[in-house]
Each structure stands twice: as structure tokens, then as C-alpha cells.
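Peer 1: Dumping the structure here so I can ask a few things about it.
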Amino acid sequence: MLEGFGDNLFEKYGKRFNPGEIIFCEYEPSNDFYLILSGNVRITKIVGNKEKTLDIMGPGDIFGEMAILEQQPRSATVIAQTEVKVLVFNRENFELILQSNPQMALKLLKIFCKRIYDAKRQLMILTLDGDEYRVADVFVMMAEKQGVKLDSHTKVEIKLTPEEIANMCAIPLDNCLKVLKQYAKLGKIDLLDNKVIVNNIAEFARIVHNKRKLIKK
């Protein structure tokens with residue numbers, strides 16, 4: 001994914017951040033977006049006077065991309081979790097790359113489009129009423145990212161903690177744990193350290209599909 005984003009591009013557009021350093025804060029004006037070359041960043045948001053982790057991103061991920069589409073304040077805070085190397089793009093240099101380096105532009109646009117799709121897919125989870133359906137859709141979304149056929153009656157390893165699942169569902173951690181334990185009790189999943197084993201992804205895909213059919217009616 002990052003082939004072609006070499007030293008020359010980093011010299012022009014690159015920036016380093018140390019662990020714990022804030023890259024940008026929620027509500028700040030947005031002018032730039034970032035492509036992670038190495039390291040991890042943590043995306044956080046203040047919800048009810050508490051800081052909540054929304055996502056952890058790594059190499060190949062883009063964040064802050066809405067700065068290119070619309071000039072709105074930042075919707076979240078981004079903090080370097082490790083030492084991080086990024087490429088920093090704004091409207092001007094992004095357009096310059098599009099014009100002067102079509103091959104590089106194509107690679108960047110593919111990453112850009114994937115990031116926007118992932119964000120829209122995650123928002124689809126929030127359209128579902130009911131904690132159990134949102135948790136189920138997280139499993140389905142993660143299986144999709146792994147390229148698993150949703151009609152296959154196979155096991156899928158979901159490398160997320162209960163807290164990460166709760167954040168993706170925008171539900172309290174206690175509610176998420178209750179749903180996960182209920183699914184485990186029914187034998188639908190196995191809860192392990194920092195991951196979940198979904199025993200039959202087709203069953204969860206069917207649950208989500210039927211729920212969405214009801215919403216459309």
C-alpha cells in the first residue's frame with residue numbers, strides 16, 4: 001500500500017511526532033490531512049466530559065481527510081501513540097501532486113477513497129437501533145475487511161478489545177460487555193484476551209441484514 005511513498009516525498013511533505021505528542025485537537029481549524037508512514041496514532045473525542053478512544057490507526061491509514069473536502073473544525077483529537085512519521089497534505093500540495101505525478105496521485109487517491117469508505121461503513125453501524133445489532137455489525141464489518149465471504153459458515157478472528165468494540169458502536173462499555181457475554185453464553189462467540197472469535201459469521205451477517213430490511217420498511 002505504501003510502496004512509492006519514499007524518502008523524496010518525505011523530505012517535501014514529511015513530519016515526525018514523538019509518543020504522546022498531539023498532532024491536532026478537536027475543534028481546531030482544519031487545513032491538512034495526514035498519511036501515516038510508520039507508527040500508530042490514537043483518535044480521541046470528548047463525550048460527556050470524558051475522553052473516549054475512537055480508533056487506533058497505523059501505516060497506510062489517512063486521518064483528517066475532511067480538510068480536503070470541507071473546511072470544518074476538527075471533529076476529534078489525534079495523538080501519536082508511538083513515534084510516528086506522516087506525510088502532511090493540504091489543498092495546494094495535494095493538487096500539485098495530482099497534476100505533476102499521476103502515478104503517485106493514483107496511489108494516494110486509492111488510499112484516500114478506501115479511508116472514506118471505511119468511515120462511511122463505520123457510520124452504518126450507528127444507524128442500527130439496539131446494542132446487540134451494533135455489536136453484530138462490528139463483527140460483520142471486520143470480516144468484510146478481512147475479505148471473508150459473509151455467507152460462509154466459518155470462524156472469524158476479530159482483533160478488538162471490548163472497549164474498542166464499544167467505541168465503534170458508540171455504546172457504554174458495560175452495555176457492550178453485556179452483549180458480548182450473552183453472545184458467548186449462546187455459543188456464538190468466544191471471548192479471548194484482546195480478541196473475539198466469531199464462530200459463524202454468516203449468522204451475524206443474517207442478523208444485520210434482516211435488521212436493515214426492517215429499517216427500510
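Peer 1: Evaluate the charge dipole of region 81-153 about its Cα centre and quote only its size in Debye, nearest 20, assuming +1 on the Cβ of each Lys and Arg and -1 on the Cβ of each Asp and Glu. Intermediate values should be presented prior to the final figure.
Peer 2: Values: 11 positive and 10 negative charges, 81 e Å.
Result for region 81-153 is approximately 400 debye, rounded to the nearest 20.
Peer 1: Charges at C-beta only: +1 for Lys and Arg, -1 for Asp and Glu. How large is the resulting dipole of the chain about its Cα centre, in Debye rounded to 20?
Peer 2: Numbers: 32 positive and 29 negative charges, 178 e Å.
In total the dipole reaches around 860 debye.
Peer 1: Return, for the Cα atoms of region 40-109, the radius of gyration and Dmax in Å, separated by a comma.
Peer 2: Computed over the Cα atoms of region 40-109, radius of gyration and Dmax are 14.4, 46 Å.
Peer 1: What size of dipole, in debye to the nearest 20, comes out for region 7-123 about its Cα centre when the only charges are +1 on Lys and Arg C-beta atoms and -1 on Asp and Glu C-beta atoms? Could you put the intermediate results ahead of the total?
Peer 2: Numbers: 16 positive and 15 negative charges, 72 e Å.
That gives region 7-123 a dipole magnitude of about 340 debye.
Peer 1: If you add up the charges near LYS178, with Lys and Arg at +1 and Asp and Glu at -1, over every other residue whose beta carbon is less than 13 angstrom from its beta carbon, what do you get? It would help to have the intermediate numbers written out before the result.
Peer 2: On the way: positive: ARG134, LYS181, LYS185; negative: ASP131, GLU132, ASP174.
With Lys, Arg at +1 and Asp, Glu at -1, the neighbours total 0.
Peer 1: While we're here: How far is helix 173-185 tilted off the main Cα axis of the chain, in degrees rounded to 10, range 0 to 90?
Peer 2: Around 50 degrees separate the two axes.
Peer 1: Separate question: Would you work out which of MET66, ALA136, ILE207 lies farthest towards the positive end of the dipole of the chain? Charges go on Cβ: Lys and Arg +1, Asp and Glu -1.
Peer 2: With unit charges placed on the Cβ atoms, the residue in question is ILE207.
Peer 1: Can I ask one more? Do me a favour and compute the ellipsoid semi-axes for region 131-216 from its Cα gyration tensor, root of five times each eigenvalue, largest one first, whole Å. Intermediate results must be reported in sequence, preceding the final value.
Peer 2: On the way: eigenvalues 64, 49, 28 Å².
After scaling each eigenvalue by five and taking roots: 18, 16, 12 Å.
Peer 1: Provide the net charge surrounding ASP55, with neighbours chosen by a C-beta distance below 15 Å and charges set as Lys +1, Arg +1, Asp -1, Glu -1. Write down the numbers at each step before the final one.
Peer 2: Values: positive: ARG42, LYS45, LYS52, ARG74, LYS114, ARG115, LYS120, ARG121, LYS145, LYS159; negative: GLU26, GLU51, ASP61, GLU65, ASP118, GLU163, GLU164.
Its environment carries a net charge of +3.
Peer 1: Taking the Cβ of HIS153 as the centre, find all other residues whose Cβ is under 11 Å away and add up their charges (Lys, Arg: +1; Asp, Glu: -1). Please report the intermediate quantities before stating the final value.
Peer 2: Values: positive: LYS149, LYS155, ARG206; negative: ASP151, GLU203.
Surrounding charge for HIS153 is +1.
Peer 1: Considering the dipole of the chain built from charges on the beta carbon (Lys and Arg +1, Asp and Glu -1) around the Cα centre, which of ILE158, GLN182, VAL86 is farthest to its positive end?
Peer 2: Of ILE158, GLN182, VAL86, it is GLN182.
Peer 1: When 1/r is averaged over all different Cα pairs and the result inverted, which Kirkwood radius in Å belongs to the chain? Present the calculation step by step, with values, prior to reporting the outcome.
Peer 2: Numbers: mean 1/r = 0.0530 Å⁻¹.
Value: 18.9 Å, from the Cα pair sum.
Peer 1: With the cut-off at 20 Å, tell me which of the pairs LYS155/LYS181; LYS15/LYS145; LYS120/LYS211; LYS120/LYS195 have Cα atoms farther apart than that. Kindly include the intermediate steps, with their values, before the conclusion.
Peer 2: On the way: LYS155/LYS181 18 Å; LYS15/LYS145 29 Å; LYS120/LYS211 18 Å; LYS120/LYS195 24 Å.
Violating the 20 Å limit, Cα to Cα: LYS15/LYS145; LYS120/LYS195.
Peer 1: Follow-up question, since we're still on this one. Take peptides 138-151, 13-26 and line them up by average Cβ neighbours within 10 Å, highest first, as a rough protection proxy.
Peer 2: Numbers: 138-151: 16.4, 13-26: 14.9.
Those peptides, ordered most packed to least, come out 138-151, 13-26.
Peer 1: May I ask for the distance between the Cα centers of region 39-103 and region 172-214, given as a whole number of Å?
Peer 2: 30
Peer 1: Can you give the convex hull volume per residue for the Cα atoms of region 109-157, as a whole number of Å³? Please list the in-between numbers first.
Peer 2: Details: hull volume 4.1 nm³, N = 49.
For region 109-157, the hull spanned by Cα atoms encloses 83 Å³ per residue.
Peer 1: Quick one: if the Förster radius is 35 Å, what FRET efficiency do GLU144 and TYR27 give, using the C-beta to C-beta distance and rounding to 0.05?
Peer 2: That pair, GLU144 with TYR27, gives E of 0.65.
Peer 1: May I ask for log10 I(q)/I(0) of region 33-158 at q = 0.09, 0.10 Å⁻¹, from a Debye sum over the Cα atoms as equal point scatterers with solvent left out?
Peer 2: Results for region 33-158 at q = 0.09, 0.10 Å⁻¹ read -0.33, -0.41.
Here, each number is a calculation from the coordinates, and none is a lab measurement. All values reported here derive from a predicted model rather than from experimental measurement. Cβ atoms come from the backbone with ideal geometry, glycine included; neighbour counts cover every protein chain shown.
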